[in-house]
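Below: one structure, written as structure tokens.
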Amino acid sequence: MTDGVRPTTRPGQAPREVATHCPYCALQCGMVLREETDGVTVHPRQFPTNRGGLCQKGWTSAELLDHPERLTTPLLRDPSSGELRPASWDAALDRIVNGLNDVQHRHGRDAVAVFGGGGLTNEKAYALGKFARVALRTRHIDYNGRFCMSSAAAAGMRAFGVDRGLPFPLSDLGRADTLLLVGANPAETMPPLMRWLTEQRERGGRLIVIDPRVTATARQADLHLQALPGTDLAVANALLHIVLTEGHLDEDYVATRTAGFTAVRRTVASWWPARAEALSGVPAADLEETVRALATAERAIILTARGAEQHAKGVDTVSGFVNLALALGLPGRPGSGYGCLTGQGNGQGGREHGQKADQLPGYRKIDDLEARAHVARVWGVHPDELPGPGVPAYQLLDSLGTEQGPRALLVFGSNPVVSAPRAGRIERRLRDLDLLVVVDFLLSETAALADVVLPSAQWAEEDGTMTNLEGRVLRRRALRHPPPGVRTDLTILADLTARLERGRGSADPRTVFEELRRASAGGVADYAGISWDRIDAADGVFWPCPADDGPDSPRLFTDRFATPDGLARFHPVEHRPAAEEVCPDYPLYFTTGRVLAQYQSGTQTRRVAALRRAAPDAFVELHPDLAERLGVADGESVRVVSRRGEFEAPARLSPAIRSDTVFAPFHWGGRARANSVTNDAVDPISGMPEFKICAVRVERP
């Protein structure tokens, strides 16, 4: 069967050079891959998002293509020894199909679940959603983007009627007179973006950062608000309180372009600056300075990221900053607005086309009768055959192997053993399954538990599209074919669909994208007017783009919002405590994040030699005053303990952290797995777990 890759030179001749994009974060930096005699090399490319810049991860990204630990043959769990052993594709696919059929026969269709990833191409995310609903006919599908963008997505939908991370081009950041970053550290998470922030400051703009740590980004700020973890919503309400009391409300904008402000005015009336200071630790004078910087700027932008969003009140927290932006009249104003910094490589496109529990392609709701009818026509099935909405990622993972939950799981492009909250519990759930199938190109911690592991192609071995943090649809181009014995995800899905006798899936990504265009037509995320040729002729195409010969949409909200009446919606939101407060047994706050040289669960980056040298091990960041109280020296191993679990790593003493707060990166597994202790309390709207705050104690092992 075809591997789904279209070579860019004559048949049988591998491409020597190709313009493509980095496989990591949502900035999707442009790069050129070149196949040399001694391997694949990476070269910078002038592209609007990165303008020739790459971070260390991007520069070293090709090292994994020929990595000695790469999987090149299917693996099957030997029932006698319990070990994973090489097997043929026929044996592996037969094991999967027989297992799926057996589970569904005994427990029903919903006893099989699918878990996707925010790094999958648009074509793969679309095909995975279709596979779950048509081939498996299960309602249980969700993806790891639930742990990334779900709070901002939900807040954006209820305020603006659309979820696009940045509703304006990235270049607007460089022209902003005031830029407020909330819970964002792009200096480490997406370094090439810092070029825009440098440009902004060189123009005389002000950068303000809200973060509990003095991060690499906060060190470059003109003003750093070092809020206690979990208090960002109190800060947002206090900022809006100051807007009102100091007369900065854009009354004409609020009257003509928004609805619901009266209730918000009542909510923030009691959030005087001194109250927020007592709760968050941010001085009232700094709150007032922040408002004046935003309100007096000709162009002002407010951005949120995971620090504000990964909470059990994440949606309300984002809504608090959206309220602030609306009160100042920012959204839709040239060079101004609200946006969120999408994290994963296809975190935007991956949440638009059907791998979310409640969603169909085009960002349609799966319980909408008209949406079901439209997508069913494209898929050639009756609307009644489509299952209803499933459950969000953590609820799905936590139900695995239980009496009422799925008994089989297929995982594409994710490593929940490391990345899920309360990860020890999720690991046990995975072990309880009757069948676990993992599709990956390296043996992740999750793949190591699987009954079947299928080796998949890497980013430089398959064509497709990605959608970056601006909503710009880009072309990922194949440099070469996958190694012998390796198949693309689309090929695997097509093979499984055929063996399940549920129609025919396509392994050709261009064909899949053409179907995606039809399925998304008329939806919120409308790709109908986007073709590969159109993307190739420009530096990407911004959605929505409903017509082949019509314009795309680099800037949203200039005339109206994507709501029925065209008005943006204020939402009254009240601060509430974290799901878990500190106490004598667990007296410290714990928060997680990323480091420059590692990415997500570390499956890829921990195997790159240069990145291992730059960040070889996990660590626990402690303030020197806290370390002195604990009697802990720099570099000494410490144990972090919560009500859910524990992990161990060397202490790293730094005045950059608050003395009541402990920080650790989440890229490592095993004994250093930070998510062993994180809280699995979830936001009631988005399903986002509370990664960013829980109560812990620190002790010597």
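The values are calculated or read from the model by the stated rules, or taken from the named source; none is laboratory data. Source: prediction; values computed, not measured. Glycine also receives a Cβ, built like all others from the backbone with ideal geometry; neighbour counts cover every protein chain displayed. Quick note on the areas: whole protein, heavy atoms, side chains included, nothing else; ligands and nucleic acids left out. Shrake-Rupley method; radii C 1.70, N 1.55, O 1.52, S 1.80 Å.
Couple of notes before you dig in:
- Largest-first ellipsoid semi-axes for the chain, taking √(5λ) over the Cα gyration tensor eigenvalues, angstrom: 38, 30, 25
- Computed from Cα atoms alone, the Kirkwood hydrodynamic radius reported for segment 527-683 is 19.9 Å.
- Percentage, to the nearest whole number, of Cα pairs in segment 480-563 over 23 Å apart: 41
- By accessible area, using a 1.4 Å probe on protein heavy atoms only, segment 479-553 has 48% of its surface on carbon and sulfur.
- Karplus-derived 3J(HN,Hα), 6.51/-1.76/1.60, for each residue of segment 509-522, Hz, glycine and proline x: x, 5, 5, 5, 5, 4, 5, 4, 4, 5, 5, 7, 4, x
- With every protein chain in place, segment 60-144: carbon and sulfur % of accessible area (1.4 Å): 46
- Along the chain, counting only GluC sites (Glu not before Pro) with a DSSP assignment other than H, G, I, E or B and at most 12 other Cβ atoms inside a 10 Å radius, the longest segment between sites is 84-245.
- For Thr258, the amide hydrogen comes within under 5 Å of the amide hydrogens of Ala568, counting only partners 5 or more places away or on other chains and with H modelled in the peptide plane.
- Evaluated at q = 0.09, 0.19, 0.22 Å⁻¹: base-10 log I(q)/I(0), Debye formula over Cα of segment 349-495: -0.36, -1.32, -1.33
- With eigenvalues of the C-alpha gyration tensor scaled by 5 and rooted, segment 137-279, Å: 25, 24, 18
- Distant-in-sequence amide H partners of Arg639 (H built 1.01 Å from N, under 5 Å): Glu699, Arg700
- The chain, accessible area per residue, ligands and nucleic acids excluded (1.4 Å, Å²): 34
- Amide H to amide H distances under 5 Å link Leu360 with Lys365, Ile366, where only residues 5 or more positions off or on other chains count and H is placed in the peptide plane.
- Put simply, when 335-342, 663-670 are sorted by average Cβ atoms within 10 angstrom per residue, most first, you get 335-342, 663-670.
- With every protein chain in place, segment 393-454: carbon and sulfur % of accessible area (1.4 Å): 37
- Too-long pairs where the Cα-Cα distance tops 21 Å, listed order kept, from Lys365/Lys692; Lys313/Lys692; Lys124/Lys365; Lys130/Lys313: Lys365/Lys692; Lys130/Lys313
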